[in-house]
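First the structure, in the form of structure tokens, and then the observations on it.
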Amino acid sequence: MKSIKNETQNEIVIEKSRFITYLFNVYTIDEVKEKLLMLKKKYQDATHIVYAFIIDSDSRSNDNGEPKGTAGIPTLEVLRKENMTNILAATIRYFGGIKLGASGLVRAYTKGVSEAMKLATITYETKVSYITLKISYRDAAYLDKNLNLVKEVNKIYDTSVLYEIKLLSDNLDSFKELFINLKDPYEYNYIKEEVAFI
């Protein structure tokens, strides 16, 4: 699955109607509501504010007064086609006086979201593991030379060296193979695994 790293905005004009599309990274329904409320305040004079979101297995869309199925669902379909999650797409429309018809609206909302997606910085869902490793100073010198599989590390120095490590779960087994070459006793603790976007 994919998501976006930062808020993205894009505007297109079709037959004098303005379509301003926002993409937001969201994790909860409350965040969706908060973003939509912010847009409603900012664009109080807009004709429509159409939206769709996907959060894990939950997805919803809203035509906000546009003919049924011409705005919210096409927006949602772009997000699904791109294999997105944890994302809200909202398009503000200012009517330009020329009716687009049902197929024209579908094309306009689809294009608005698609163009915004091209500008977004995409992140990819993966699983990361958190571990701690307590080792001797002698072994720390060896380990420090072999941290290429690690994404983040924090070291705490005391009578031994405590490593707080974050790494891709796919790299965990390879990293644990390094323990074979440790000279002194060590303490290893697996803390947790979580989904992250990189």
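Within region 30-46, residues that are free of Cβ contacts under 8 Å to residues at least 60 places away in the same chain sit with their Cβ atoms under 9 Å from residues that are part of a helix (DSSP H, G or I) and open to solvent by less than 30 Å² (accessible area, probe 1.4 Å), at 6+ positions apart or across chains, in these pairs: Ala46/Leu39.
Annotation: of all residues in region 1-28 being in a loop (DSSP other than H, G, I, E, B), in contact (Cβ under 8 Å) with a residue 40 or more places away in the chain and in contact with a strand residue (DSSP E or B) (Cβ under 6 Å, 6 or more places away or on another chain), the one that is most open to solvent (accessible area, probe 1.4 Å) is Lys5. The one condition from (1) open to solvent by 60 Å² or more (accessible area, probe 1.4 Å); (2) aliphatic (A, V, I, L, M); (3) touching a helix residue (DSSP H, G or I) at 6+ places or on another chain (Cβ under 7 Å) that Leu143 does not meet is (1).
When Lys134, Lys127 are checked against the criterion of being farther than 18 Å from Ile4 by Cβ, under 15 Å from the mean Cα position of the chain (by Cα) and in contact (Cβ under 8 Å) with a residue 40 or more places away in the chain, Lys127 stands alone in meeting it. For region 113-131, which positions are open to solvent by less than 10 Å² (accessible area, probe 1.4 Å), touching a helix residue (DSSP H, G or I) at 6+ places or on another chain (Cβ under 8 Å) and either under 19 Å from Lys35 (Cβ atoms) or among the acidic types (Asp, Glu) (or both)? The one that is open to solvent by less than 10 Å² (accessible area, probe 1.4 Å), touching a helix residue (DSSP H, G or I) at 6+ places or on another chain (Cβ under 8 Å) and either under 19 Å from Lys35 (Cβ atoms) or among the acidic types (Asp, Glu) (or both): Val113.
Of the residues in region 101-111, at least one is open to solvent by less than 50 Å² (accessible area, probe 1.4 Å), aromatic (Phe, Trp, Tyr) and part of a helix (DSSP H, G or I). Scanning region 29-58 for residues that are part of a strand (DSSP E or B) and closer than 25 Å to Met1 by Cβ turns up Val50, Tyr51, Ala52, Phe53, Ile54, Ile55, Asp58.
Pairing residues of region 97-111 that are over 14 Å from Lys16 (Cα atoms) with residues that are open to solvent by 50 Å² or more (accessible area, probe 1.4 Å) and part of a loop (DSSP other than H, G, I, E, B), at Cβ distances under 8 Å and at least 6 apart in sequence or on separate chains, gives Ala102/Pro67.
The values are calculated or read from the model by the stated rules, or taken from the named source; none is laboratory data. Please read these numbers as outputs of a predicted model, since none were measured by experiment. All Cβ positions, glycine included, derive from the backbone under ideal geometry; neighbour counts span all protein chains shown. Surface areas here come from the heavy atoms of the whole protein model, side chains and all, with no ligands, DNA or RNA. Shrake-Rupley method; radii C 1.70, N 1.55, O 1.52, S 1.80 Å.
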